[in-house]
Amino acid sequence: MPTKGPSLFTDIGKKAKDLLNKDYGSDLKFTISSKSDSGLALRSTVAKKGSLSSGDLGAQYKHKNAALDVKVDTASNVSTTFTVTDILPSTKTIASLKFPDYKSGKLEVQYLNEHATFTTAVRFNQSPSLDFSATIGTPSIAFGAEARYLTASGNFAKYNAGVSLAKPDSTASVILADKGDSLRVSYLHHLKKLNGGAVVGEVSRRFSSNENTLTVGCSYVVDRHTVVKTKLNNHGNLGALLRHELTRKSSLTISGAFDTKALEKNPKFGLALSLKP
């Protein structure tokens, strides 16, 4: 599939969002994964949040332009995803199904070319819906929109619009979401002084409640094995994360959250260990 073109709408602002949210958590998680030369990958995860424990076992098999993912969790749910690229030129087809809730299935088709991207998805639930999105532009500047249409009621459950600007060392995005009720503006800049890390700022506003949130964060590459991330918003919520590569195929992540404005300080910490033998 072509890569010289605008990204999908879901990728607008994704780099800034990942720096501020990805891998943060206050639960304990242990993951083991492995991959064979034949294209089979296995992954097992055990997590504990408070007094609740959960786990899942997943397998992925890739062959040529197709991939099959199967995951079974401790709640006896079985999730399957089948992905095929280039059935038609520049397309990707994704079919997903979950048991026993088989009515939660989804069929999605993505189309990417040098000037535009389009996605269409059908959700087979009790109230079938159609999701569609489109972006136009280049890798440097793109405009996009997405919507979800409920076939039973004939109403739109959501519609969002956004624009992204990208340079070799920075990205910026503006997203109008929640049917026009919220606005999110983000900017990410890579700095050589952070050894390849980055700084990010995000401003979000919800018009119905007149609420504004400013979040700043940064990532610092200590060395080629260790990355430190931190974030803070104007509500006093502070987060920090340390990810260390133990071996070439395993990593350890420790994260913490702290409400600096709380009268009774209640820090929360998380631990994630990922092993890939």
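The values are calculated or read from the model by the stated rules, or taken from the named source; none is laboratory data. This one's a predicted model, so the numbers in the text were calculated from it and none came from an experiment. So basically every Cβ, Gly included, is an ideal-geometry build from the backbone, and we count neighbours across all protein chains shown. These area figures cover heavy atoms from the full protein model, side chains too; ligands, DNA and RNA do not enter into them. Shrake-Rupley method; radii C 1.70, N 1.55, O 1.52, S 1.80 Å.
Summary table below
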quantity	calculated
Positions within the range 243-260 being surrounded by fewer than 16 Cβ atoms within 10 Å (Cβ to Cβ) and either in contact (Cβ under 8 Å) with a residue 40 or more places away in the chain or part of a strand (DSSP E or B) (or both), in sequence order	His244, Glu245, Leu246, Thr247, Leu252, Ile254, Asp259
Residue selected from the range 31-49 under the condition assigned to a loop (DSSP other than H, G, I, E, B) and without any contact (Cβ under 8 Å) to a residue 24 or more places away in the chain, by the criterion nearest to Ala257 (Cα to Cα)	Ser36
Boolean, Ser170 is surrounded by fewer than 17 Cβ atoms within 10 Å (Cβ to Cβ), free of Cβ contacts under 8 Å to residues at least 24 places away in the same chain, touching a His at 6+ places or on another chain (Cβ under 7 Å) and polar (S, T, N, Q)	yes
Selection count where residues are free of Cβ contacts under 8 Å to residues at least 24 places away in the same chain and open to solvent by 40 Å² or more (accessible area, probe 1.4 Å), scope the range 144-160	7
Top-ranked residue in the range 20-42 [being within 20 Å of the chain's Cα centre (by Cα) and small (Gly, Ala, Ser); ranked as surrounded by the most Cβ atoms within 10 Å (Cβ to Cβ)]	Gly25
Within the range 202-222, considering residues that are in a strand (DSSP E or B) and without any contact (Cβ under 8 Å) to a residue 24 or more places away in the chain, the one farthest from Ala177 (Cα to Cα)	Val216
Positions within the range 1-30 being at pLDDT below 80, part of a loop (DSSP other than H, G, I, E, B) and under 26 Å from Lys48 (Cβ atoms), in sequence order	Gly25, Ser26, Asp27
Residues of the range 124-143 that turn out to be in contact with a helix residue (DSSP H, G or I) (Cβ under 8 Å, 6 or more places away or on another chain) and open to solvent by less than 70 Å² (accessible area, probe 1.4 Å), as a count	4
Which listed residue, of Lys71, Lys92, is within 26 Å of Phe9 (Cα to Cα) and either modelled with pLDDT of 95 or more or surrounded by 14 or more Cβ atoms within 10 Å (Cβ to Cβ) (or both)	Lys92
Boolean, Lys17 is more than 30 Å from Ala145 (Cα to Cα), within 19 Å of the chain's Cα centre (by Cα) and either open to solvent by 80 Å² or more (accessible area, probe 1.4 Å) or touching a residue at least 24 places away in the same chain (Cβ under 8 Å) (or both)	no
